[in-house]
Structure formats: C-alpha cells, structure tokens
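Input: a single structure, listed below in structure tokens.
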Amino acid sequence: MKLSLSWIKDYVDLPSTLDTKQLSYDLTMRTVEVEGAENLADRFENIIVGKILSIAQHPNADKLRICTTDIGGETKEIVCGGINLYEGMKVCVSKPGAIVKWHGEGEPVVIKNAKLRGVESYGMICASVEVGLVDLFPAKEEAEVMDLSAFDAPAGTPIADALDLNDIILEIDNKSMTNRPDLWGHYGIARELAAIYGLPLKKIENYVPTCAENDFTVEITDTKGCPRYIGVRMDGVSVKPAPYAMQNRIWKVGMRPINALVDITNYVMLATGQPTHAFDCDNISGHINVRRAAEGEKLELLNGKNLSLKSDDLVITDAEGPVALAGVMGGAKDSILPKTEKVILEVANFESRGIRKTALRYDNRTEASSRYEKAVDTQRVDQALALSMKLFSELYPEMKVTGFCDRKYSETQRCELDVSLDWLERRLGKRISNEDIKRQMTSLGFDTEFTGDNMHVVVPTWRSTGDVSIKADIMEEVARLYGYENFEPTSITTTFEGAINQLDKDLVRRIKEYLSIRCGMQEVFTYPWMETPTAEAVLGGFDGVLALATPPSPEEKYIRSSLLPNICDAVVKNERYYTDFAIYEEAQVFADRNYVSKYDASELLPEQRRCIAGAFAGSSNDITGLFRKAKGVIENMSRYTHMTGFEFRKEEKPVWADDTVWLNVFVDGKKIGDMALLARKTAMAVGVRNLAVMLFELDTDEMNPFTSRTNGFEHLKEYPVVEYDVSLLFDSAVKWETIYTTVVGKKNPDSLVKEAAFVDEYHGKQVPAGKKSVTVKLYIGADDRTLKSEEIEKCADSVIRKLEKVLGAEMRR
Amino acid sequence: MPLCGINRIMKEKIQALIAEAEDKISSALNDTELQQIKGYLLGKQGKLTDLLKELPKIDVSLRPEMGKAVNIAKDRLTALIEEKRTALQLKAAEVSPDFDVTVPGFTPAEGGLHPITQMCYDLNDAFRSMGFEIFQEDDITTELYGFDKLNFPPNHPARESMDTYWLEGHDKGEACDKLCLRPHLTGGSVRYMQTHKPPYRFVYPGPVYRNETTDARHERAFYQYEALIVDKDFTFTAGKVMIKSILSKVFGRDVPVRMRAGFFPFVEPGFEIDMGCLVCGGKGCSVCKHVGWIEVMPGGTPHPNVLKAAGLDPDEYTGFYVNIGLDRLVMMRYGVDDVRLFHSADLRFLEQFH
C-alpha cells in the first residue's frame, strides 16, 4: 500500500525536523514494514513551468513550431510539435538534464540541447505521457502537450512545486498488516505515528443528517452479512473532474482519478480504510435491499464480468434484481454515467469471511474487498460518512440530501481484557510504569484502568474485530510501543537433566557423513514428487503410490514411494557432464497403505518411511568394479556408523534390477532394502545413455544403532601371520562365498588358516572357457609359535587340496 | 732387529693401512664396492687380519701395546665404513633437484554433504551445545496439524489449494480427513509438545512444501529449521540472546540482530527478526535493499492457542520460537542467487561446497 506523507499530515502534525529515514525506521520497528520511501519531486528534476511568449513556424518542417518561451527570468527557443500550442500558454518544459520517456514509451532518456531540422532547441515542451503524468493530465490526442495555464505558478517554477508533487510516498509491505484492518487508510497510519511520537491525532467529526422525513429507505434482509448500512440520496450532483488537489492525492498513492463522484468514494476509502460506493439513483428502481443471492441469479459487474451467483454471495439489489456484489464491486447497471445527476451513496459494513469467499470465487479481489475481508468495525461507517458528506458539500455546493437511512443491526463491541501487571513484567523481563503504559495505550485508543496488580483494558472498536482479543495481544502493544530495541537482553537459564542421547538422529548423520566423506558420494536433494515416465519405468506401476490433488505439473502428480526414480533422473542430468560419479539422498517415502494414528487418535496418516538411496554411475565396461564399489560402501556402512551389520541374500528381485546383479539387504533377518545394477532396459527407459548404474535403497528406520561404540579389543598377535596368495581355476559358476567357506570353514582356533580374502578374479586368454581364475589370499599363522616355512607350505598345500577335492579347482599352469 | 725397530715398523704399517683405507673408503661409489673394501680391510683374509697375524713375531713385552694399536685401527676402519655407508644411503635417497613442487596434489575422494545439510548440522551442533534436542517428523500431515492447531483462522488464504499441496482423494472434508505435504514445521512442534513433558527445548529441521510459482527467489520445496523453547516465564529478550548466539556461530562473527513488529498466526507477539547485512556491514547495499538489514526469520512467543492445542496452560507456560529459512541462510552464506539450484541435484553446483 502506498501512503502520502502530506495526506497523513492532515491528521497528525509531524515535526518538521523528523526525517523520512527516521520515520520509516520507527514505523518499521513499531508497526508495519516500510519497504520504500520516495520523494516524488525527484522524478521531476529540471522540469519546470514555461510560458510561451510567441510562436513561429519552423522553416523546414510543417508540423513543428518554434516557441519563444519564458522559463523564468530568461527566454529560450524550443522546437515543439504540439497541436494545442497558443501564445500565453503555460507548458511543462524539460530542461537539459531532465529525464523523460519519449512518447511515454521505452527507456527513460536524459534531455540534451539538440538541433531539430536545423533549428537549435532548448530542452523540450512535454506531453503528460512523457513526464509520467498522463493520469492527471489525460491528453485527447497524442500530439497534445500539457496545458498548465490553469495553475498559478509563474514561469520557472519547478513542476513538482507547481503541481504539488513535493511529497514523500511510503510503500508499506501489505503482508505486514494483514491482521490490522485499522491500518488500510491514511488515518490509521496517522494514529500509529501519533502514538509513536506522542502527538495528538485530529478527529473526524461525525456527520449529522440534515434531511427531514423522506420516502427513502433501505432494507437489510441478511443482517448477519450486513450489520450496518447507511444510504444517502443526493440530488444536484454531476459528473465532472474532481478538484486537482483531490486527483493529485488519489494519483500519488497509485489510483487513477476518474470523475468527482467516483474519486470521492476512493478518496474516503484511502483516508479511512472504509470502502464506499455511489449508485446512479436513476438506475435504481424501488428501494435497496441487501440479501443473499438466489442460486444462479445473474449480475454484470462494472468491469464487464458476467456472474452466475451462488446462494451465499451477498448482493445489493433493487426491485429488479442484483445491482452490486456487496463489498466487492458495483454492477454495470447502476454505475455512474456522464449524465448522472442523483446518486445514492452507500457506506456499509459487511461480514469479512463472506466477502473474501465471494471475491475469490469470481477471482475479483478489489481494493474494497481486500479491506472488508480484514474485518472492519461497524463504527468506521460514521467516520467515512462524515468525510464523504464533507467532500460532497465542498464539491457540489448546490447538492441536496433528499434521503437518509441508517440501518444498524449490530455494532462492533469493544473487547475488554484484564491483564496482571506482574505477569506482564515476567513476560517482558522488565517493569514498565503504569503511567507509561497508560499514556501509550491511550494514544492508540485503548482505555486502561489500574487496580492493584490488575490492568483493565478496553480495546477500541477498530482493534476489536479479532485483532486484539487476548492478553498476549496487550503485551505486544505495550512492548512494541515501548520499543523492542529498548529491552535489554536477558540470559537464557536452564536446568540440564542429562546429556542428550538421540541414537536415531545421530545414526542418520553418521551414515551421511560416512557416504560423503569416507565414500566420496555427493548428497543431493530432489522433490517429493516424481516424473511420471521415470517413476513408471523404475517402479513398474503406481499401485499404492500417493498423488497430489494439485500437482506442480500434470507429469509430476505422484509423490515418491521410493527415492530411486528421482535418483535415476539425477543420474541422467549429471551424465551430460560426468562419467564417473556417486550420489545419494536421504528423505521420506510414502505409500497409500498402513494408515496409523501415530500421534493423535483422531487422525490417520499413511505409511511414511525414512530411506536413504544412492547411485554409483560408471563405465559399463567394468560392471564388476562398479558392483564391488557399491557393495563395499554398503557392506562397510554398519562398521563405520556403529549399527547392527547387514546380510545380503537374493530373495526378491526389485523390478528395476538386472536379472543377475542384485541383492536384498537384511538386518537381523528383516529385509531393509535392495542393492542392484539398474537393468539396461530400465536405464534406457529413464534416459541413461551410456553409463552403468548401481543403485541402492535402504530403510533407515529399520536400522539398529548401537547404544555405544561396540568395537571389541583384540590383543596384538604375539607371533607372525603370513600372507600367502594362491591362484586356482574354478568353474565360472562357483561363487566366492563357497570358496571362502571351503577355505576357512567354521572358524577353528587351532586352524592355521586364520582368514582368507578375495584378491581378484580373472577371465582371459590363459583361462579356458567356462572357467575363471580366482586369487585367494590366505592368512597363515599359529597362536603359540612362529611357523617354519615348511609348515606354511604344508598348510597352503592342504587348502589347495581341499579346494581341488571339494570344488574341482585346478592349479593354474 | 732391535725391539724398537720392529715396534716402529709395525706402527708404520698400521698408519699406512689406515691411510690406504681412508682413501679407498672415500672413493667407494656404492654399497657393493664398500662391501668389497670392507672384506679387503677387515675380512678373514684382510689386511688388518694380516697385521694381527704378525703380532706373535713381536716381543712379548710389546705385544699388549701393539695389540691395542691394531684394535684401535680396527675400530677406526669400522667407523669409517659405517660412516661411508650412511653417506651412500643418504645419497641414494636424494631427490633430484629438478623435482617439481608446483605439480598439483592428488584430490582425496570427492563427495560432500548438501550445503543445506551442512548448515543444518552447524545449527544442530550450536543448539545441542545449548541443550536442545533434535526432533524429526513426517512430511505428510493433516489439516488439523497443518492449520487448525496453529491458530490459522478457518478462511486463512494458506489453507486454499493455491498454497498447499493436498493429496488426491484426501483433499475434501475437514481437519483430520484432509492430508497434505506439510506447509511448515510448526504443526510437528505441536505434536512434540503433546508427547513430551515441559519444559521443552528442541530444534526441528526439515523440508516443507508450498504450491507456488517458482523463480530465483521462490521454491516449492524448501528447508525450514524451527527452534522452540517452552518454559515458565521465558522472556522474549532471552530469545534475542539465543538468536544472536546462533547466528554468530553460523557466520563465525558477531552478527547484529534486531526484532521488530511482525504478524504470524501461531505467535503472539510476533516478530520479524533481521540481521545486519554482512555484505555492506549495515551501511546499505543492493543485497539488503539499502536498509542495512536482512529479514532472516519470523519468531515470537507461541500463541496461547497453540500452547493450549499442545495441552499446556498458557498462563503458566510461555516460550520463544523461531523459524529459520535454511535456503535463504545458505544463499546468504555463499552468495547463491538462485534458490532452485538446491533441488537441482546438479553436481557442478553441489561440488562447490565440499
């Protein structure tokens, strides 16, 4: 919302020493956020009033004239193409250095002395559109320049002074006052400033109706939707431009002057925050009634929209039907037309929720509806009426009130609250004297009465429509006026009942740090919704997948039941720039099943599990390497993050997985996830071009963190353990797990083979088809002595014999 | 031959041997040569052994003296050889003077936490040091906890489908029937309060979702970080201290903080909390729109209705609440100018924060 400082000064005499910066700061700290403060005059630097002394034809151009112009103490020749030039005319002159927009279009340009068709021109005589004043000085034709002859200002006067544009315009953040219906007009902000600076606020005196008995009446059928309605019928008005001063104010705060009748209603709203409306009396048949619309009833709005109304829309009607959408917008039928001579002025209060609903329903929010929906007090009507009547009599001295009707069904009651002063002190951390509280609260319109520890507060009507309703609201009023910055910081005290021990939270953090820091993976964030084609390819369907009612886009309807579709999309995105990378994400997944009351018996929430999923993308020439890289990360996760270890088995192949390269992951026998190569077919469907991708997804809720670090301690070996590599040929189908079990068997403390490790696996020229060469590292040693080399050889030999016998292994030759 | 004559010859031989040894040892080029020299001098057939063999020829009275002289010579030769060996080893280990110290080092394993996770963990560490617990809760919630319990009026704009992601098939009805992706974290804070005993002191990080048009400053999914203290007679001025210490810890220097009037349904009084602009130091620049302050978080005292919803007596309990937008804080920390990058999963962006 924009506010004119000079308008505010109508209601409060702000000290001349107060600068704009300080005022913006104080208003921001105490009341609402001031987003900007512009001195309008800055836009009109080097733009002045000039008086045309004589006009001569341009020698080289039919349409141009050379105007000898008095620009205040000196005369200059200005070339101009205006069609409405005459000698003695006062015009708007942009001197060199002024900033204008050529014909009101494009980027602003700086005026320089220039030759026009061979004639030197000092600056330029401007059209209103060129100096941004077209709304105040509308031109009938494009080539018309501004005629300022009606203004007193002598030649040379800066335009800002001549046209009363020397004003500060404050831009208030609307979001910061959605809860304050009292602030949506200049008077409300003036009240805050009066309170902040301890200055008196000027009153707007109530209007006393002067008309005697009359036939004019207003009927209210829905008194809940319309608790108060004043109608005033006036004769002897006409459609004419409002006085410049009124137009000027309306324009400065961002509205367009239309005609005196419409401008009065807008002016009143901008001043008081109370919307009003003027109907053309001749277009109203019978009397006005405020009621709910009949379902399907028709109404054409001022802006041409044709509505088919709903039964909860509040409408203003005449004998024939709806003439206006209450609190939102007038209808086309009753609007002010050029020949209007009689009007009915409406100053009414409407219930906020209904107005909001209706305005949103027809996507027709207006300045009026946005004020009504914040809940205006019924008493504001009096203030708006008073100001309206004052303006009507000023603008139309011959005007007569021929009808007046005030329907009042309920009034906003002043809210009353009791606040303990001791409580206030404890919450504020400071005692503020009763006198200070009283002075500040009074300036905002609150009445206070002190009895012992109690402060009885009577809230003004304009704050009693929901804004101030509990004692915490009073605390806020006291604190903000005292100034939040004037409270000294106090230290935070607490009692510790013990160290914080949150195993689950710590585990997830350790896993992330393990993956990122130890395993070189990058954490990514993706959205909770999935791209439908990717999700379909990866998940195989949408059974039990939840969807959004209003998705970000039609193709992003489903929300994730697995992290993998989005991980796959992330792989595709990064494949453009990287050939070897690893990513993971930790987030929740959802399913349309297992609804539970986790927290509150009255609600049922769907299944929501916390998962961690990742991808290793690399060359498809080394699937084994990629597989071992991924498996190594998962296998070692438990060891480095202190939780129960994983087991790997093949039980149920994930839909997206390769037919062979897949494993399920288990903890204590329970399946917690999968790890597998993304099937080539799925990879192609989601758009992976060349890379092979190993994926994993694990349910972190099912992981079992240790309560403490559980690594045991082993004594350092007293006698050496020797490493001994053997390479043997096996059938291709023989699995490492079998080889390992055969070598180590059930771990026997007397056995000299302490451990065995996989070194590598080789298929190549020297290896016959259907075979593979596996190199195993044996760890050979005894607990009670250093082995002799013969013993070591013998031990290794016996292992080889065993592998030959049990698994049909052969020594490589 | 007179005794002294033999004695003198013997001494001369020892001297000559030492001189020869010094010469040979110093000219040895490698360990093998040195080994040969050692054999030549000290071996079984070596020169010193030969001298020892001559001892019996000497008069008995002179033998101890001569024996001693030979042993000194032996020690001397051994020392020279060892000295040379060390010198040769050092020389062998010498790195070429052409070695290029300007070649870049090997990069350790790449990988990192998301910059928002990093900020979240920094805050967790700071809050934990002040005795706060970490709380986490589900992404999908009901209208009851998304709005009703938080003092949102029934016609609040945020409840409309324009702003919240309601779930299909669960977007009709009221309160418990309506499910949505949580639009903020505060509803979860109410759940925490319902299931724990006061006083409370916890933080609650997590993603939230709003149905918005996205641009460089607006996202549909973003990270919030809520901190809540509920205790008897907690003053808002203590909240100011809390915020100041947290921001100073996160930004590594003293950060000016100011609280000003603000309105949010779930707090009363409510504040907009601003921090001094770190780019211009408060003088005013384009980042802070020339005011010297940047709005970082809303905060305030939990609204009595919210405390009531959590089962607490608002006359007895009060507290302090802040809700920090992590995306914005991270943008400020690094000068990131497009919030959408956080959910891009683009490694070219994420790798900058290792």
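The numbers here are math on the coordinates, done by the rules we state, and not lab data. All values reported here derive from a predicted model rather than from experimental measurement. Please note: Cβ atoms are built from the backbone with ideal geometry, for glycine as well, and neighbour counts cover all protein chains shown.
Key figures for this structure:
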{"quantity": "Loop trypsin sites (Lys or Arg not before Pro), the range A:635-677 (other Cβ atoms within 10 Å of the site Cβ: 16 or fewer; DSSP)", "calculated": "A:Lys650"}
{"quantity": "Percent RCO, i.e. relative contact order, over chain A, from Cα pairs under 8 Å lying at least 6 residues apart", "calculated": "8 percent"}
{"quantity": "Peptide B:343-351 - average C-beta neighbours from other chains (10 Å radius)", "calculated": "6"}
{"quantity": "Lys pairs, the range A:42-162 - Cα-Cα below 17 angstrom, 8 or more residues apart or on other chains", "calculated": "11"}
{"quantity": "Mean residue ellipticity (222 nm) of chain A, computed from DSSP H runs ≥ 4 via -39,500 (n - 2.57), nearest 500", "calculated": "-7500 deg cm²/dmol"}
{"quantity": "Residue exposure sequence - A:His103, B:His196 - by fewest surrounding Cβ within 10 Å", "calculated": "A:His103, B:His196"}
{"quantity": "Mean Cα-pair separation over length for chain B, i.e. relative contact order, pairs under 8 Å, 6 or more apart, %", "calculated": "14 percent"}
{"quantity": "Shape category assigned to the range A:217-366 from the gyration tensor of Cα positions, a/c cut at 1.5", "calculated": "prolate"}
{"quantity": "Crossing angle, helix A:352-361 versus chain A [Cα axis fit, 0-90 degrees, rounded to tens]", "calculated": "70 degrees"}
{"quantity": "Candidate aspartates and glutamates for bridging to A:Lys203, where Cα separation is under 18 Å - those fewer than 8 sequence places away on the same chain excluded", "calculated": "A:Asp10, A:Asp13, A:Asp182, A:Glu192, A:Asp377, A:Asp382, A:Asp447"}
{"quantity": "Ascending count of other beta-carbon atoms within 10 Å, so fewest first, for A:Ser561, B:Ser248, A:Ser602", "calculated": "A:Ser602, B:Ser248, A:Ser561"}
{"quantity": "Distance violations [Cα-Cα > 22 Å] among A:Lys735/A:Lys772; A:Lys202/A:Lys342; B:Lys47/B:Lys84; A:Lys557/A:Lys631; A:Lys557/A:Lys681", "calculated": "A:Lys202/A:Lys342; A:Lys557/A:Lys631; A:Lys557/A:Lys681"}
{"quantity": "Angle in degrees between helix A:471-482 and the longest Cα principal axis of chain A, rounded to the nearest 10", "calculated": "70 degrees"}
{"quantity": "Choice from B:Ala87, B:Ala126, B:Ala109 showing the highest fluctuation, given a GNM over chain B with Cα pairs closer than 10 Å", "calculated": "B:Ala87"}
{"quantity": "Likely footprinting exposure, A:Trp662, A:Trp102, fewest C-beta neighbours within 10 Å first", "calculated": "A:Trp102, A:Trp662"}
{"quantity": "Angle between chain A longest axis and helix A:260-272 axis [Cα atoms, degrees, rounded to 10]", "calculated": "60 degrees"}
{"quantity": "Coarse-grained scattering of chain B at q = 0.09 Å⁻¹, given as base-10 log I(q)/I(0) from a Debye sum over alpha-carbon atoms", "calculated": "-0.61"}
{"quantity": "Loop-located trypsin sites (Lys or Arg not before Pro) in the range A:169-235, at most 16 other Cβ atoms within 10 Å (DSSP)", "calculated": "A:Lys202, A:Lys203, A:Lys224"}
{"quantity": "Kyte-Doolittle mean at least -0.5 and Cα axial length at least 18 Å: DSSP H helices in chain B", "calculated": "B:3-27, B:63-93, B:115-129, B:236-251"}
{"quantity": "Cβ neighbours within 10 Å from other chains - mean over B:257-270", "calculated": "6"}
{"quantity": "GluC sites (Glu not before Pro) restricted to the range B:186-277 and DSSP loop, no more than 16 other C-beta within 10 Å", "calculated": "B:Glu212"}
{"quantity": "log₁₀ of I(q)/I(0) at q = 0.11, 0.14, 0.26 Å⁻¹ - the range A:416-486, Debye sum with one point per alpha carbon", "calculated": "-0.22, -0.36, -1.36"}
{"quantity": "Residue mean of other protein chain beta carbons inside 10 Å, A:620-633", "calculated": "0"}
{"quantity": "Full-stretch length increase - A:Glu411, A:Arg439 - with 0.36 nm per residue and alpha-carbon distance subtracted", "calculated": "7.4 nm"}
{"quantity": "Shape call, chain A: gyration tensor on alpha carbons, a/c limit 1.5", "calculated": "prolate"}
{"quantity": "For the range A:402-468 versus the range A:270-349, the gap between their alpha-carbon centres in whole angstrom", "calculated": "36 Å"}
{"quantity": "Relative contact order [Cα under 8 Å, 6+ residues apart], the range A:42-162, whole percent", "calculated": "31 percent"}
{"quantity": "Only Lys, Arg (+1) and Asp, Glu (-1) charged, at Cβ; the range A:387-474 dipole about Cα centre in debye", "calculated": "180 debye"}
{"quantity": "Cα centroid separation, the range A:634-680 to the range B:7-47 (Å)", "calculated": "71 Å"}
{"quantity": "Choice from B:Asp138, B:Asp233, B:Asp31 with maximal GNM fluctuation in chain B (Cα, 10 Å cutoff)", "calculated": "B:Asp31"}
{"quantity": "Amide proton proximity set for B:Met297, modelled H, under 5 Å, gap of 5+", "calculated": "B:Ile273"}
{"quantity": "The range A:330-381: C-alpha gyration tensor shape, a/c 1.5 cut-off, then a/b vs b/c", "calculated": "oblate"}
